[in-house]
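Undergrad: If you scroll down you'll find the structure; I have some questions about it.
The values are calculated or read from the model by the stated rules, or taken from the named source; none is laboratory data. All figures in this text were calculated on a predicted structure; none of them were measured in a lab. Please note: Cβ atoms are built from the backbone with ideal geometry, for glycine as well, and neighbour counts cover all protein chains shown.
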Amino acid sequence: MSVHQLPSTGYLRLPQIIGDPKKGIPAVIPVSKTSWYEGVKAGRYPAPVKLSPRCSAWRVEDIKRLIDEVSA
């Protein structure tokens, strides 16, 4: 999923953001899972939204904003 294929609104699960080679999901932001969560903790990446006790997702708008900030 490239930046141009991201929906205008909604939520993304972590594999949709950092990719999953085993499932053939390309990365929008190519970092490891550990680096992603360290970035969330440090405030470099947006915090997730809890959809249920065991399900977290990120707002598409937050991910697009992050991509714009990094590419600027």
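The rows are residues; the columns are (1) in a loop (DSSP other than H, G, I, E, B); (2) at pLDDT 95 or above; (3) touching a Leu at 6+ places or on another chain (Cβ under 9 Å).
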position	(1), (2), (3)
P7	yes, no, no
P15	no, yes, no
S35	no, yes, no
P46	yes, yes, yes
K50	no, yes, no
E61	no, yes, no
L66	no, yes, no
V70	no, no, no
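Undergrad: Return the only residue of I25, I29 being surrounded by 14 or more Cβ atoms within 10 Å (Cβ to Cβ) and in contact with a Pro (Cβ under 6 Å, 6 or more places away or on another chain).
TA: The unique qualifying residue is I25.
Undergrad: Moving to a separate point now. Filter the stretch 38-66 down to residues that are of a type in the set (G, A, S) and loosely packed, with under 15 Cβ neighbours inside 10 Å and give me whichever is farthest from S8 (Cα to Cα).
TA: The first filter runs over the stretch 38-66 and keeps only residues of a type in the set (G, A, S), leaving 39, 42-43, 47, 52, 56-57.
Going one step further and asking which of them are loosely packed, with under 15 Cβ neighbours inside 10 Å, we end up with 42-43, 47, 52.
Details: A42: 26, G43: 23, A47: 19, S52: 23 Å.
If we take residues in the stretch 38-66 being of a type in the set (G, A, S) and loosely packed, with under 15 Cβ neighbours inside 10 Å, then A42 is farthest from S8 (Cα to Cα).
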